[in-house]
Amino acid sequence: NIVSPVKQSNKILLGNNYVSKVFTSEPIMVRFLGHYMADSLSEEKLFIVYPDHFKDRNRISMLKQAYFDQMEANLDSVVRPIPQEFKWDAKLFAEFKAKWDTAKVNVLVIPSDDQAFVTQLMTMLNLEDEYQFRLLGMDTWLSFDNIDVEYLQKLRVEVVSPEYLDYQNKNTQLF
């Protein structure tokens, strides 16, 4: 059997009983992000930022559930701060900014694929030179063609992606 980790339809798959198409679903990636927040970011200054859309509210619910489940599973006796939520409203940007820390990296978890929202937020954050940011988002951001690469680097953008590239693999190094 052949396993093909591709999103797109492929002629190899059509009518072939020996080929399976496998791809990670969005809810699994959102749960992974919640677990990652609990395991690796629980001591950081964490914010969850999202637009007020039905799809994003569902993602936030899944993300928080996964975060709290993982925190409970970790059996850590140290009390950790709960990530602060901010429902995006550009008019309330100053209120959001007042919560940031100039001495620490502000980690913004943004589980949205709304291109207009993500672009607006990144543009506004890029203008804030006195703060350090680290943004965590969805793999759909990789297809946004209107975000400058300098923004991605300055804001230390990371995305949850179902693909993995092993840089230690000899074939990858030769490529």
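The values are calculated or read from the model by the stated rules, or taken from the named source; none is laboratory data. Keep in mind that what you see is a predicted model, and the values were worked out from it rather than measured. Neighbour counts are summed over all protein chains in view; Cβ atoms, including those assigned to glycine, are modelled from backbone coordinates with ideal geometry.
Residue count for region 71-88, restricted to those that are under 19 Å from ILE110 (Cα atoms) and either of a type outside the set (D, E, K, R) or without any contact (Cβ under 8 Å) to a residue 24 or more places away in the chain (or both): 6. The number of residues in region 121-140 being among the aliphatic types (A, V, I, L, M), within 12 Å of PHE47 (Cβ to Cβ) and part of a loop (DSSP other than H, G, I, E, B) comes to 0. Contact map, region 41-58: first residue modelled with pLDDT of 90 or more, second residue of a type outside the set (Lys, Arg) and in a helix (DSSP H, G or I), Cβ cut-off under 7 Å, separation 6 or more or different chains; pairs are LEU46/MET37; ILE48/ILE60; ILE48/LEU63; VAL49/LEU121; TYR50/ASP56; TYR50/ILE60; PRO51/PHE117. Taking region 40-82 as the range and being within 24 Å of GLN132 (Cα to Cα), charged (D, E, K, R) and exposed (fewer than 14 other Cβ atoms within 10 Å of the Cβ) as the test, only GLU43 passes.
Inside region 88-120, residues that are among the polar types (S, T, N, Q), under 21 Å from the mean Cα position of the chain (by Cα) and not in a helix (DSSP H, G or I) make up a count of 2. Scanning region 124-153 for residues that are touching a strand residue (DSSP E or B) at 6+ places or on another chain (Cβ under 8 Å) and charged (D, E, K, R), we see that the one that is modelled with the lowest pLDDT is ASP139.
Residue check: LEU121 meets all listed conditions (1) modelled with pLDDT under 95; (2) in contact with a helix residue (DSSP H, G or I) (Cβ under 9 Å, 6 or more places away or on another chain); (3) surrounded by 14 or more Cβ atoms within 10 Å (Cβ to Cβ) but one, namely (1).
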